[in-house]
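The values are calculated or read from the model by the stated rules, or taken from the named source; none is laboratory data. All values derive from a computational prediction rather than experimental measurement. Because the Cβ atoms are built from the backbone with ideal geometry, glycine has one as well, and the counts that use them run over all protein chains shown. What goes into the accessible areas is simple: the full protein's heavy atoms, side chains included, and nothing from ligands, DNA or RNA. Shrake-Rupley method; radii C 1.70, N 1.55, O 1.52, S 1.80 Å.
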Amino acid sequence: MAFLTFRHRFIASQIATQSGASNITLLMLHGTGGTETDLLDMGRVIAPEATLLSPRGKVLENGMSRFFRRLAEGVFDLDDLKLRTHELADFITAAADAYQFDREHMVAVGYSNGANIAASLMLSVPKMLAGAILFRPMLPLTPDVPPALADVPVLISAGQYDPIVAATQTAQLADMLRSSGAHVTQITQPSSHALTQADVEAARVWFAEQFTVPTR
Ligand code: MLT
């Protein structure tokens, strides 16, 4: 589909249930150097019933794919970030039309650079995400207009020994989201920047609590 401007994978939900999670699409956003296939297995574990949409970041840094440019580690090119955030939002809208999924029930699952563009989407594009799971994120930008995120559930999973994201940077993002009304759950893994099995398990449990409507 030429008009879908990101290389991507789309996997429609195979399970029609009454549990409420099958109308959710997980937007899987990889970290620096990743691809659109990296997080698919994790998405299946977190929400077996969900549809998956997984784009590949278009920016290349020494051959590694990212979702926006940076000037140095943790120093972002804010003009590029804003442009790429809206470009990703346009892609999501076009993909929802093309694949006929419900854009109102999209939950982002992002790792590192993918978590940062997910946070940027939440902070900059109103009503883009119904929730987010952010692994090792930081505050990517301060939005021009205060975002309205009333009761939007967000899980932030930080690494206690992360050499890239300091605890203060995680806290800045959590504070920004909370002050915009989001319902933020913050956890810290006894680990570094890399994703761990404990991150995935915590996300699975959190997702089920937030989005699964019990069947009678
Ligand atoms: C990364 O390595 O991807 C950084 O930690 C996060 C970013 O640059 O967005």
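Express the Stokes-Einstein translational diffusion coefficient of the stretch 8-211 in µm² s⁻¹, to the nearest whole number, given a Kirkwood radius over alpha-carbon pairs, 25 °C and a viscosity of 0.890 mPa s.
D, rounded to a whole number, is 147 µm²/s.
Over the stretch 57-138, what relative contact order in percent results from Cα pairs under 8 Å that are six or more residues apart?
With pairs under 8 Å counted, the relative contact order is 25 percent.
List the trypsin sites (Lys or Arg not before Pro) within the stretch 65-139 that fall in a DSSP loop (any state other than H, G, I, E or B) and whose Cβ has at most 14 other Cβ atoms within 10 Å.
Of the trypsin sites (Lys or Arg not before Pro), the ones in loops of the stretch 65-139 whose Cβ has at most 14 other Cβ atoms within 10 Å are Lys127.
Let me spell out the model: positive unit charges on the Cβ of Lys and Arg, negative unit charges on the Cβ of Asp and Glu, origin at the Cα centre of the chain. What dipole size does that give, in debye rounded to 20?
In total the dipole reaches around 180 debye.
Counting each DSSP H run of 4 or more residues in the chain as -39500 (n - 2.57), what helix-only mean residue ellipticity at 222 nm follows after dividing by all residues, to the nearest 500 deg cm²/dmol?
-10500 deg cm²/dmol
Taking only protein heavy atoms and a 1.4 Å probe, what accessible area per residue, in Å², does the stretch 8-211 have with all protein chains in place?
Accessible area per residue, the stretch 8-211: 43 Å².
So what J values fall out for the stretch 187-195 if you push phi through Karplus, 6.51 cos²θ - 1.76 cosθ + 1.60 with θ = phi - 60°, rounded to Hz, Gly and Pro as x?
So the J values, rounded to whole Hz, are 10, 10, 8, x, 8, 9, 7, 5, 6.
Which percent of the accessible heavy-atom area of the chain goes to carbon and sulfur, probe 1.4 angstrom?
53 percent
Each residue of the stretch 68-76 in turn: what ³J(HN,Hα) in whole Hz from Karplus with 6.51, -1.76, 1.60 and θ = phi - 60°, glycine and Pro shown as x?
Per residue, the Karplus-derived 3J(HN,Hα) values read 7, 6, 10, 8, 7, 4, x, 10, 9 Hz.
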